[in-house]
1. Using 0.36 nm times the number of residues separating ARG74 and THR87, minus their current alpha carbon distance, what extension gain do you get?
2. Can you give the FRET efficiency for LEU4 and LEU64, using 1/(1 + (r/R0)^6), R0 = 35 Å, r = Cβ-Cβ distance, to the nearest 0.05?
3. Would any residue of the range 34-49 have its amide N under 18 Å from a label point 7 Å out along Cα→Cβ of ASP18? List them or say none.
4. Over the range 2-89, consider all pairs of different Cα atoms and compute the Kirkwood hydrodynamic radius from their mean reciprocal separation; express it in Å, one decimal.
Amino acid sequence: MTALIQTSQAALMLDKTDIGPVTAAICLTAWSHHGRVRSEAAFATLAGVNPIPAFSGNTVRHRLNRDGDRRLNRALRIAVLTRMTHTRKSAPTSSDAEPKAAPPKRSDAA
């Protein structure tokens, strides 16, 4: 599979540490052809990760779109989780793992 992807238009994806051959193949099949995805917003809509407004009275919020290609959505999720795991900034440091000492209690008996 890797040899097929290296000869396709998804070959640049394999250079990323968080994209494997299966994820690249899923993205390539969802992309399909040149005219299908015209922008990043169109790709987000295709994957079902674009925000849509959710109104509740006077409160305006956004939620993720539930439509879209579920396989592509899962492939993007795996890529993001892998990147978060292997990126230095998001990995927990040794100082985060150590419990912090509680401040001394004050006695009001005085």
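The numbers here are math on the coordinates, done by the rules we state, and not lab data. Just so it is clear, the structure is predicted and the values come from calculations on it, not from any experiment. Cβ atoms come from the backbone with ideal geometry, glycine included; neighbour counts cover every protein chain shown.
1. Values: separation 13, 0.36 × 13 = 4.68 nm, distance 1.97 nm.
Using 0.36 nm per residue and subtracting the Cα-Cα distance, I get 2.7 nm.
2. Details: r = 32 Å, r/R0 = 0.90.
The value I calculate is 0.65.
3. Counting only backbone N, you get 40-41, 43-45, 47-49.
4. On the way: mean 1/r = 0.0691 Å⁻¹.
About 14.5 Å, per the Kirkwood formula over Cα pairs.
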